[in-house]
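Here's the structure we're looking at; comments come further down.
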Amino acid sequence: MLTRKIKLCHINAHITCRLCDGYLIDATTVTECLHTFCRSCLVKYLEENNTCPTCRIVIHQSHPLQYIGHDRTMQDIVYKLVPGLQEAEIKKQRDFYQKLGMEVPGDIKGELCNIKTHLDHRNGTVQHHPHLHCVSICLECNSSKLRGLKRKWIRCSAQATVLHLKKFIAKKLNLTSFNELDILCNEEILGKDHTLKFVVVTRWRFKVTILQNHPSKAG
């Protein structure tokens with residue numbers, strides 16, 4: 001069977017973010033045109049713009065953040081192609097929390113354990129490392145049109161998305177559609193594809209806060 005070696009530099013254009021010129025981290029794709037960027041880069045860009053950074057197509061006039069999604073397949077490809085990138089990124093996140101004197105989130109600890117387990121397996125030994133993947137949040141209603149949840153504190157996966165929360169709230173409040181809801185953190189509307197891990201890192205701002213829900217303006 002013939003094999004062909006391809007240099008990483010020949011495919012860099014396909015696995016780097018156009019906004020920061022670095023390898024994709026937490027790869028996120030615009031659903032309208034399928035162009036992909038680092039999530040933090042794209043979110044920061046869309047705070048001031050509503051078009052794709054590559055093709056300039058309008059993503060959405062008022063809520064472009066709701067039309068982007070995590071691209072797990074692309075991120076897996078990048079991590080497989082670039083040696084040490086995943087380990088370096090997770091270490092960077094861990095050091096970030098430790099520098100601020102905060103406890104490292106369970107999902108980051110879990111990813112570190114998974115990498116160590118993979119390396120141990122590759123070296124001929126397998127070890128088990130228990131880890132957590134959850135976050136605790138408070139869902140507080142700030143609208144007179146909705147009744148509050150009986151149990152506003154919930155614990156769920158850090159990989160759960162805002163869309164999952166919308167569906168959960170709609171079911172608990174017997175709403176006809178989850179599209180009637182917006183979920184905010186620090187007065188900012190969260191995109192439906194944001195994971196709770198992403199919200200904690202980019203929107204929590206290291207102070208006591210809550211996630212709020214209210215009827216969508218478009219609903």
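Computed values, structure above
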{"quantity": "Of K44/K171; K44/K145; K152/K197; K99/K197; K166/K197, pairs whose Cα-Cα distance is over 23 Å", "calculated": "K44/K171; K44/K145"}
{"quantity": "Whole-number accessible area per residue in Å² for segment 131-204, which is evaluated in the context of all protein chains at 1.4 Å", "calculated": "54"}
{"quantity": "In segment 4-79, trypsin sites (Lys or Arg not before Pro) in a DSSP loop with at most 12 other beta-carbon atoms within 10 Å", "calculated": "R4, K5, K7, R56"}
{"quantity": "Area accessible to solvent at I90, 1.4 Å probe radius, in Å²", "calculated": "0"}
{"quantity": "Estimated D of segment 131-204 in µm² per second, where Rh is the Kirkwood radius over Cα pairs and Stokes-Einstein applies at 25 °C, 0.890 mPa s", "calculated": "192"}
{"quantity": "Rg to Rh, two decimals, where segment 11-81 supplies the alpha carbon set and Rh follows Kirkwood", "calculated": "0.95"}
{"quantity": "DSSP-assigned coil residues among GluC sites (Glu not before Pro) in segment 1-104, each with at most 15 further Cβ atoms within 10 Å", "calculated": "E47, E48, E103"}
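The values are calculated or read from the model by the stated rules, or taken from the named source; none is laboratory data. Computed from a prediction, not measured in an experiment: that's the story for all the values here. Glycine also receives a Cβ, built like all others from the backbone with ideal geometry; neighbour counts cover every protein chain displayed. Just so you know, the surface numbers come from the protein's heavy atoms only, side chains and all, with ligands and any DNA or RNA stripped out. Shrake-Rupley method; radii C 1.70, N 1.55, O 1.52, S 1.80 Å.
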